[in-house]
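Structure first, then comments.
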Amino acid sequence: MPIALCPLPPTFAPLNKKDKYQIVIGLEVHAQLLTKSKLFCGDSAAFSTDPNTHISPVTLAHPGTLPKMNSKAIEYAITLGLALDCEIEQYNYFARKNYFYPDLPKGYQVSQHTTPICKNGSVPISINGTDRKIRLNRIHIEEDAGKSLHDVDENYTCIDLNRAGVPLLEIVSEPDMHSSEEAFAYITELRKLVTWLGICDGNMEEGSMRCDANISIRLAGEKKLGTRVEVKNLNSIRNVKRAIDVEVNRLIELVENNQPVIQETRSYDADNNITFSLRSKEDADDYRYFPEPDLTPFQITDDYLVEIRNKLPVLPNALKKRYIRELQLSDYDAAVICDDKDQADYFEAVVQHTTNYKAVANWLLGPVKNQLNDRKMWYTNFPLPAEKLALLISLVDTGTLNFGNASSKVLPVLIDHPQKQPLQIATELNLIQESDSSAVENWVDEVIANMPDKVKQYQLGKKGLIGLFVGEVKRLSKGKADMQLVSKILEQKLK
């Protein structure tokens, strides 16, 4: 008698470990301000590859030297705060943050503690079409430290103090982000905004923007935050995302193996895609903050706030919405144009001379962008006046030029000779489109006569061959035939 086998139990896919946990991320972004001089002295704040050339007794903290406040740094901080809907702390002062690094000349850092110049506010982000706001805790002003160089001498660490004393804004978010994708979007939006406002160049490779990520995990549904780990000095937006992913995986493995999570500061090795421990994390008490005795408190008046608010440009999100609403641009076109203020300014200048807004967007995101990339240029040094580009677009709109010739032949010459007129260049290059029906008909007749087999196939139903005939007429006419007229005559004759 056969033995009855019990049915196998149903199989279940193992629960994704990440689904068990909620990731909690807060970011601290340091943005170097585009002031000409440092925060508390007249030394140049410009980036330099020559070490220790932008220094003085004040930067070096020699005895008897005193700081003097850079008012432009205050203006830039308020500018960013107003753009992010922050509350501005009008009674303000600086504090000493005491700690020792070899590249910190004073043995302390002048920063802000109890009176950050900007509080609250938010940064808008969009993930897969979903908009949300990441809350800010604070924005405060502080001076930068120098830089330790470990790869210059095989026996010693070298110190470059060019960066010491350069003004920074530290932008501290609330722990509102729950994925590396949200952190990526947040940094991208913040970088776009500070460059749009002209207060920071956003160059993460040169250290103009740096990011520290505070990361923790907790069981899904838990309210209490887990032990946080800080990953320091992430120097690209891509590395912010990669470092967060690596650290989240490490934290989950620790918790899954019942190992403790230690509050510490870590660094990210981009080459090996790992994080490693630097030191145990300090708390605010460890820094022994107290008011900076060499700098007087300062008062920000209502009139000064109004003055700065009136100078704010239209912000990129508001401009994007206006382009979609008033100019009927697509969401994609409007977003890409508003990625950079110089590009948006050029777009604004061109549309003063034409109402074909979609064509302007297409030209800027297509042929113009290609020319800029090939020439290693940007709109800041682009020689083509906006009205000349509008005239070139008009020649295509009226059928005087076809788009291919206008973009590939006329545009490069026009950029090289911006004093010329587009029509003049098109005429000199013999590119004016032929719209005379008899001339176009002759070209069409010649193509049809040379391709009898293709004509039969077309008449038997292979309508896709129309593109072949059009292409042959274009070749025969050397691109001068009006393609709309070509298509019309072809369809008539092929019947």
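Let's see how each residue does on (1) on the phi > 0 side of the Ramachandran plot; (2) in the same structural domain as LEU190 (by TED's automatic domain parsing); (3) modelled with pLDDT under 95; (4) out of contact with any Phe, Trp or Tyr (no Cβ under 7 Å at 6 or more places or on another chain):
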{"site": "ASP271", "(1), (2), (3), (4)": "no, yes, yes, yes"}
{"site": "SER277", "(1), (2), (3), (4)": "no, yes, yes, yes"}
{"site": "ASP285", "(1), (2), (3), (4)": "no, yes, yes, yes"}
{"site": "ARG288", "(1), (2), (3), (4)": "yes, yes, yes, yes"}
{"site": "ARG309", "(1), (2), (3), (4)": "no, no, no, yes"}
{"site": "ARG322", "(1), (2), (3), (4)": "no, no, no, yes"}
{"site": "LEU329", "(1), (2), (3), (4)": "no, no, no, no"}
{"site": "ASP333", "(1), (2), (3), (4)": "no, no, no, yes"}
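With respect to ILE159, determine if the residue is of a type in the set (A, V, I, L, M, F, W, C), touching a residue at least 40 places away in the same chain (Cβ under 8 Å), surrounded by fewer than 23 Cβ atoms within 10 Å (Cβ to Cβ) and farther than 24 Å from LYS119 by Cβ. Yes; evaluated as a whole, the condition is true for this residue.
Considering only residues that are in contact with a His (Cβ under 9 Å, 6 or more places away or on another chain) and under 21 Å from ASP339 (Cβ atoms), look in segment 369-411 and name the one that is surrounded by the fewest Cβ atoms within 10 Å (Cβ to Cβ). Within segment 369-411, the match that is surrounded by the fewest Cβ atoms within 10 Å (Cβ to Cβ) is ALA386. Out of all the residues in segment 462-492, which are farther than 21 Å from THR427 by Cβ and among the acidic types (Asp, Glu)? Once the filter is applied, which keeps residues that are farther than 21 Å from THR427 by Cβ and among the acidic types (Asp, Glu), segment 462-492 yields GLU472, GLU491.
For every residue, the table says whether it meets (1) among the aromatic types (Phe, Trp, Tyr); (2) in the same structural domain as VAL410 (by TED's automatic domain parsing); (3) assigned to a helix (DSSP H, G or I).
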{"site": "ALA344", "(1), (2), (3)": "no, yes, yes"}
{"site": "PHE347", "(1), (2), (3)": "yes, yes, yes"}
{"site": "GLN352", "(1), (2), (3)": "no, yes, no"}
{"site": "ASN362", "(1), (2), (3)": "no, yes, yes"}
{"site": "PRO367", "(1), (2), (3)": "no, yes, yes"}
{"site": "LEU389", "(1), (2), (3)": "no, yes, yes"}
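The residue of segment 432-447 that is modelled with the lowest pLDDT, among those that are surrounded by fewer than 19 Cβ atoms within 10 Å (Cβ to Cβ) and not hydroxyl-bearing (Ser, Thr, Tyr), is ASP436. Of everything in segment 251-300 that is among the basic types (Lys, Arg) and exposed (fewer than 15 other Cβ atoms within 10 Å of the Cβ), the residue that is nearest to the chain's Cα centre (by Cα) is ARG279.
In segment 179-200 there is no residue matching the filter, namely being in a strand (DSSP E or B), surrounded by fewer than 23 Cβ atoms within 10 Å (Cβ to Cβ), in the same structural domain as LYS119 (by TED's automatic domain parsing) and within 23 Å of the chain's Cα centre (by Cα). The number of residues in segment 116-152 that are under 25 Å from LYS38 (Cβ atoms), touching a residue at least 12 places away in the same chain (Cβ under 8 Å) and surrounded by fewer than 18 Cβ atoms within 10 Å (Cβ to Cβ) comes to 3.
Residues that are modelled with pLDDT under 95, within 27 Å of TYR186 (Cα to Cα) and touching a helix residue (DSSP H, G or I) at 6+ places or on another chain (Cβ under 7 Å) occur in segment 127-149; there is at least one.
Screening TYR357, TYR346 for residues that are among the aromatic types (Phe, Trp, Tyr) and under 20 Å from the mean Cα position of the chain (by Cα) leaves exactly one candidate, TYR346.
Only one of the listed residues (ASN155, ASN162, ASN137) is part of a loop (DSSP other than H, G, I, E, B) and either among the β-branched types (Val, Ile, Thr) or within 25 Å of GLU75 (Cα to Cα) (or both). That residue is ASN162. Say we look at segment 448-467 and pick out the residues that are hydrophobic (A, V, I, L, M, F, W, C) and not in a helix (DSSP H, G or I); which of these is modelled with the highest pLDDT? Looking at residues that are hydrophobic (A, V, I, L, M, F, W, C) and not in a helix (DSSP H, G or I), I get MET451. Taken over segment 314-342, the residue count meeting the criterion of being without any contact (Cβ under 8 Å) to a residue 40 or more places away in the chain, more than 18 Å from THR355 (Cβ to Cβ), within 14 Å of the chain's Cα centre (by Cα) and surrounded by 20 or more Cβ atoms within 10 Å (Cβ to Cβ) is 1. For segment 302-312, residues that are closer than 17 Å to ALA73 by Cβ and either among the hydroxyl-bearing types (Ser, Thr, Tyr) or out of contact with any Asp or Glu (no Cβ under 7 Å at 6 or more places or on another chain) (or both) total 4. For segment 47-97, taking the residues that are surrounded by fewer than 19 Cβ atoms within 10 Å (Cβ to Cβ) and within 23 Å of GLU205 (Cα to Cα), the one that is nearest to the chain's Cα centre (by Cα) is identified as PHE47.
Does ILE88 satisfy being among the hydrophobic types (A, V, I, L, M, F, W, C), in contact (Cβ under 8 Å) with a residue 24 or more places away in the chain and in contact with a strand residue (DSSP E or B) (Cβ under 9 Å, 6 or more places away or on another chain)?
yes
Among all positions in segment 122-133, there is at least one residue which is in contact with a Leu (Cβ under 8 Å, 6 or more places away or on another chain) and assigned by TED's automatic domain parsing to the domain that holds LEU193. Would a scan of segment 472-484 turn up a residue that is part of a helix (DSSP H, G or I), at pLDDT 80 or above, touching a Ser or Thr at 6+ places or on another chain (Cβ under 9 Å) and closer than 30 Å to ALA390 by Cα? No, every residue in segment 472-484 fails to be part of a helix (DSSP H, G or I), at pLDDT 80 or above, touching a Ser or Thr at 6+ places or on another chain (Cβ under 9 Å) and closer than 30 Å to ALA390 by Cα.
Of ALA77, ALA46, ALA61, all but one fail to be at positive phi and either in a helix (DSSP H, G or I) or of a type in the set (A, V, I, L, M) (or both); the exception is ALA61.
Looking only at segment 343-380, count every residue that is without any contact (Cβ under 8 Å) to a residue 40 or more places away in the chain and of a type in the set (Phe, Trp, Tyr) and tell me the total. Before the answer, list the steps.
Going residue by residue through segment 343-380, those that are without any contact (Cβ under 8 Å) to a residue 40 or more places away in the chain are 343-345, 347-349, 351-353, 355, 357-362, 364-365, 369-370, 372-374, 376-380.
Next, only the ones that are of a type in the set (Phe, Trp, Tyr) stay: 347, 357, 378-379.
Residues meeting the conditions: 4.
Residues that are of a type in the set (Phe, Trp, Tyr) and over 14 Å from VAL240 (Cα atoms) within segment 153-206 comprise TYR156, TRP196, listed in sequence order.
The values are calculated or read from the model by the stated rules, or taken from the named source; none is laboratory data. It should be emphasised that the depicted structure is a prediction, and the values quoted were computed from it without experimental measurement. When we count neighbours, we look across all protein chains shown, and the Cβ atoms used for this are built from the backbone with ideal geometry, even at glycine.
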